[in-house]
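Structure first, then comments.
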Amino acid sequence: MKLPIAALALPLTFALAAPPAQAASWLEMNFWLSGPRYDAQLPPCEEPAALGTIASRFAEKEGTFWASPLSIERFGEVRELAFRPWARDTVPRRFCSARALISDGRHTVVYYSIGEDTGFAGATWGVDWCVVGYDRNLAYAPRCKMARP
């Protein structure tokens, strides 16, 4: 079956009439395609706001999802495990660990990281954490290994 010449000529005409592709303009390159710019200014592992966030979110998670009254009573032996352990252009993170007393009387370890621009809407630092023995949905399994550097 032969196609009419007009049917073949129409797509060719549209292809030749299209403007050539252009690279990003100076404005786009300097403002819209700038890439990550991190200053690596993170609070220390002992930051009360970070530990408070972990304690409040742990209690919320236990109460909401596991119908448990457990909470973190206090933290101790807080120490830094690593700072920015990966490539230079990755999100700066401070990896930490602490001992925690849980309201059921057990002592356990909490592994957490404080990351730049990982808070609400990327506007501030944020905290990712895991309490060993209480990672019931195995998000950081095994034994919170995925929360460590």
Need the failing condition index for Thr53 against (1) exposed (fewer than 12 other Cβ atoms within 10 Å of the Cβ); (2) within 16 Å of the chain's Cα centre (by Cα), just the number.
(1)
Candidate set from segment 56-73 (those that are of a type in the set (Ser, Thr, Tyr) and under 15 Å from Leu101 (Cα atoms)); member that is surrounded by the most Cβ atoms within 10 Å (Cβ to Cβ)
Ser71
Residue check: is Thr108 in contact with a Gly (Cβ under 8 Å, 6 or more places away or on another chain), touching a residue at least 24 places away in the same chain (Cβ under 8 Å), hydroxyl-bearing (Ser, Thr, Tyr) and not in a strand (DSSP E or B)?
no
Could you count how many residues in segment 99-113 are of a type in the set (Ser, Thr, Tyr) and under 11 Å from Glu73 (Cβ atoms)?
1
Report, by residue number, each residue of segment 49-92 that is of a type in the set (D, E, K, R), in contact with a strand residue (DSSP E or B) (Cβ under 8 Å, 6 or more places away or on another chain) and at pLDDT 95 or above.
Arg57, Glu73, Arg74, Glu77, Arg79, Glu80
When the residues of segment 111-148 are filtered to those that are in a loop (DSSP other than H, G, I, E, B) and polar (S, T, N, Q), which remaining residue is surrounded by the fewest Cβ atoms within 10 Å (Cβ to Cβ)?
Asn137
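The values are calculated or read from the model by the stated rules, or taken from the named source; none is laboratory data. This one's a predicted model, so the numbers in the text were calculated from it and none came from an experiment. Cβ coordinates were reconstructed from backbone atoms using ideal geometry, including for glycine residues, and neighbour counts include every protein chain displayed.
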